[in-house]
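Undergrad: Got a structure for you, questions after.
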Amino acid sequence: MDYLVNLSTLPPDTQSPERMTQAGITIRRALPPELRLITGWVGDHFSQGWASETTVAMTRQPPTCFIATRNQELVGFACHEATARGFFGPTGVAEEMRGLGIGRALLFASLTDMKAMGYAYAVIGDVGPSEFYEKAVGAMPIPNSAPGIYAGMLKL
Ligand SMILES: CC(C)(COP(=O)(O)OP(=O)(O)OC[C@H]1O[C@@H](n2cnc3c(N)ncnc32)[C@H](O)[C@@H]1OP(=O)(O)O)[C@@H](O)C(=O)NCCC(=O)NCCS
């Protein structure tokens, strides 16, 4: 199912900067020279489908992909404006780094960027961990949204 986030009421992300500093994590927009490194990492850690969506986000200018790094290594990513206009995702955090607030910080970075692009709402496509989105940004399920844009999608 797809979920909807109201960007008009999205609060500033006051908790992430301190949490990320304490954990030694940098959250920033990805750079075009990092395209192969990032899409390779996404393919290795998640799926080739997600790597393809990340390629679309990385080929926009500026890229609509945010990354989390620690000690000069990639530990998480979040894309928007990739699968469809106004869509957030895919996103993922390295398994050993989960639960530190990185996923939430990346989500806020992307949604704040979408709000600045002029969107009033963001769609989170094909949500897996719905509790994560409900808790972090008050996302709501969209009725009759499955299978939505992914109907009949070919898979590797
Ligand atoms: C979903 C994901 C990106 C979350 O990243 P994370 O860095 O572990 O999340 P955070 O630490 O920022 O969690 C923020 C809050 O959501 C909660 N949360 C995180 N993942 C959750 C889950 N799967 N189910 C329910 N709650 C979850 C956390 O407990 C945390 O609550 P807190 O603020 O009270 O501590 C990560 O678990 C992941 O990569 N999952 C696999 C890929 C995936 O499913 N991506 C989403 C596709 S739609």
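Undergrad: At 1.4 Å probe size, with every protein chain present, just tell me what the per residue accessible area of the chain comes to in Å².
TA: Values: 8680 Å² over 156 residues.
Result: 56 Å² of accessible area for each residue.
Undergrad: Please give the direction-averaged projected area of the C-alpha convex hull for the chain, in square nanometres with one decimal.
TA: That works out to 8.9 nm², a quarter of the Cα hull's surface.
Undergrad: Out of SER52, LEU7, GLY40, whose Cα points farthest toward the positive end of the dipole of the chain (charges: +1 Lys, Arg; -1 Asp, Glu; placed on Cβ)?
TA: So the residue we want is LEU7.
Undergrad: Using the Cα centre of the range 29-107 as the reference point, and only Cβ charges (+1 on K/R, -1 on D/E), how large is the resulting charge dipole? Debye, rounded to the nearest 20.
TA: So the dipole magnitude of the range 29-107 works out to roughly 240 debye.
Undergrad: Taking a ≥ b ≥ c as the square roots of the Cα gyration tensor eigenvalues, with a/c under 1.5 meaning rounded and otherwise prolate when a/b beats b/c, else oblate, which class fits the range 89-154?
TA: In terms of gyration-tensor shape, oblate.
Undergrad: Can you pull the percent of the range 27-114's accessible area that's carbon plus sulfur, 1.4 Å probe, other chains left in place? Don't skip to the answer; put the middle values down first.
TA: Numbers: 1960 of 4070 Å².
Of all accessible area on the range 27-114, carbon and sulfur atoms account for 48 percent.
Undergrad: Ok, one more. Report the local net charge at MET114: Lys and Arg +1, Asp and Glu -1, summed over other residues whose C-beta lies under 11 Å from its C-beta.
TA: Numbers: positive: ARG85, LYS115; negative: GLU81, ASP113.
So the environment of MET114 carries a net charge of 0.
Undergrad: Now for a different question. Quickly work out the ILE142-to-VAL56 label distance, labels modelled 7 Å from Cα along the C-beta direction, and quote it in nm with one decimal.
TA: 1.3 nm
Undergrad: In debye to the nearest 20, how big a dipole does the range 3-146 give about its Cα centre with +1 on each Lys and Arg Cβ and -1 on each Asp and Glu Cβ?
TA: Here the size comes out at about 300 debye.
The values are calculated or read from the model by the stated rules, or taken from the named source; none is laboratory data. Note that the coordinates shown come from a computational prediction; the quantities given were computed from them, not determined experimentally. Cβ: placed from backbone, ideal geometry, glycine included. Neighbour counts: every protein chain shown. Ligands, DNA and RNA are stripped out before the accessible areas are found, and what is left, the full protein with its side chains, is counted by its heavy atoms. Shrake-Rupley method; radii C 1.70, N 1.55, O 1.52, S 1.80 Å.
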